[in-house]
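Comments concern the structure below.
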Amino acid sequence: YPNPFNPATTIPFTLHESSDVEITVYTLSGQLVSTLVHGPFAVGDHVAVWDGTNDASLRVASGVYLITMRSNHLQSALTVTLIR
């Protein structure tokens with residue numbers, strides 16, 4: 001939330017067991033934009049934030065992006081819209 005967003009969006013997630021987590025942002029054509037989270041997390045509620053930049057810290061264009069989350073036993077995806 002929020003969605004659409006400018007300048008940043010928050011991605012909340014809850015883990016019911018300790019797990020390695022990876023949260024990534026892709027263009028709709030499948031190009032990697034940014035890795036937001038990559039590593040171990042404990043049980044509980046967590047938040048990742050995407051500020052509309054790529055891994056080189058450059059602002060990306062307005063558009064629709066796919067955010068994926070992977071953990072030990074879960075995969076999910078959501079779309080977000082960045083408006084500049």
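Brief remarks on what is shown
- The slack in the chain from Arg59 to Leu74, taken as 0.36 nm per residue of separation less the alpha-carbon distance, amounts to 2.5 nm.
- Solvent exposure of the chain, expressed per residue, is 59 Å² of accessible area, with all protein chains present and a 1.4 angstrom probe.
- Heavy-atom accessible area ranking, 1.4 Å probe, most first, across Arg84, Arg59: Arg59, Arg84
- Each of the peptides 26-34, 5-13 was scored by the mean count of other Cβ atoms within 10 Å over its residues; in descending order, highest first, they stand as 5-13, 26-34.
- Two-decimal Rg to Rh for the chain - Kirkwood Rh, Cα set: 0.97
The values are calculated or read from the model by the stated rules, or taken from the named source; none is laboratory data. Just so it is clear, the structure is predicted and the values come from calculations on it, not from any experiment. Ideal geometry is used to build each Cβ from the backbone, glycine not excepted, and the neighbour counts take in all protein chains shown. Accessible surface is based on the protein model in full, side chains and every heavy atom, while ligands, DNA and RNA are left aside. Shrake-Rupley method; radii C 1.70, N 1.55, O 1.52, S 1.80 Å.
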